[in-house]
Amino acid sequence: MMHSNSSIDVDVDGDGDDQFSLSGPSPKRRYPYSRSEECSWDASEAARKLSTLVLATPAGRSGALGLRPDYALDSLSGTPSKPGGWRESTHLLSRGWSTSHLHSLRSYYGDNSIHKEDDDEDDCAVKLLRGWVPGGPALLRALGKCPCAMPVLHAFTSQLKEPLILMLLGSAAISLFLRQTADAVSIALALTIVSLVAAVQEYRSEKALEKLADLVPHTCTVLRDGRVTDDYPAKDLVVGDLILLSTGDRVPADCRVIDGVELRLDESSLTGENHPVHKNGDPITALSSSSPPPPLTSQSNIVFMGTLVCSGRGRALVVAVGD
C-alpha cells in the first residue's frame, strides 16, 4: 500500500491485482466489490478486502480517523506481514469495526434501511385538480380517503413525464390540430390505459417493498470494539460489520459467511425453495472478478437479508446494506 500527498493506492494482499486509488475529495461512492468477487474470497481475504473500505471514506483519506496508510486495518496496532499486505489474523474478525469508524462508513456507503422515495405532493395532476378543475379540491379529498388512490395518481402522472409518452402526446396534439379527432382520441386512450396499468404495477411494487422491509429484523448480534453486543439495532449496521448468527435469527443484511457450524437457512421467501439451505464460509473457486453473479441458489457462502436461520450458528461480514 503506497501513499502520496494526493492519493492512496490500496493493495489488500500485496499481489498487485486488486489496487484501487483513493484520490482527492469524492462524492459517496458505490461499494467497490461485485457479488462474484465476494463469493470467490476465502474468509481471511473477505476480511482484508472489507477492511479497506474505511480507507476510501473522506475521513480515512484525510487522516481524521488516525489510520496510518502504511499498515493494515486488520491490525491497527501491528505491522503487515509483507509490504502492502495484511496479516492473516485480521482485526476485523477478532474485534470488528471500531465505533469511531461508523459515522464515516455509514455516511459514505449508506445505512441499513430501505428508503422509499417521497411522493411529490404538488405534482402536475394535483395542481391541475386544485386550481383548474371545477370541484377538484373535493375530488382530491375523496381520493385521499382511498389508501391506494393518491399513490396511483402520483405514479400515473410520473408516467406521463416519460419521453416516449410525451412524444405520443405530442402526436395526439398534432392530430387534433389537423382535425383528425379519431386518431387523437385513439392515441390518448391508449396512453391512458398503458400509463394506468404501469401506475398500478408501480404501486404494487412499492407495497411489496414495504412488506420486504417488515422481514428485516429490528435487532441483531454484532461484534464491535472487541465486544459482542446483543439486541443491536439492525438499521445501524454498516458494510464490514461482523454479525453473529444463531438458530431463530433473521439475517439483518446481505452477508458473506466467514464460518459456521451446521448453519442452515430458510430462503423460501427469496428463492421459493421449501427446504433449508446449507451455508458455509468456503470460497466458490470457479468464480473470478469478471464472472457474472452466480444464481442466488448457488451462493452457498452468502446469507440474504430477511432469511431465517433454521439451525446452527455462524459468523458473517456485512457486504450490502439496505440503503
I'd like the FRET efficiency for SER298 and ILE165, computed as 1/(1 + (r/R0)^6) with the beta carbon distance as r and R0 of 41 Å, rounded to 0.05.
0.55
If you count only protein heavy atoms and use a 1.4 Å probe, how large is the accessible surface of PHE156, to the nearest 10 Å²?
50 Å²
Taking a virtual spin label 7 Å from the Cα of ASP42 along the C-beta vector, which residues in segment 281-302 bring their backbone nitrogen under 12 Å of it?
282-285
For the ASP230, ALA149 Cβ pair and Förster radius 35 Å, calculated FRET efficiency rounded to 0.05 is 0.20
In the structure shown, do any of LYS161/LYS235; LYS49/LYS279; LYS211/LYS235 have a Cα-Cα gap over 23 Å, and if so which?
LYS161/LYS235
Theoretical FRET efficiency, 1/(1+(r/R0)^6), r = Cβ-Cβ of GLN180 and SER205, R0 45 Å, to 0.05:
0.75
Contact order relative to length of segment 158-289, as percent, for alpha carbon pairs under 8 angstrom and 6 or more apart:
13 percent
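The values are calculated or read from the model by the stated rules, or taken from the named source; none is laboratory data. Please read these numbers as outputs of a predicted model, since none were measured by experiment. Here the Cβ is made from the backbone with ideal geometry for all residues, glycine too, and neighbour counts use every protein chain on show. The accessibility values were calculated without ligands, DNA or RNA, using every heavy atom of the protein model including side chains. Shrake-Rupley method; radii C 1.70, N 1.55, O 1.52, S 1.80 Å.
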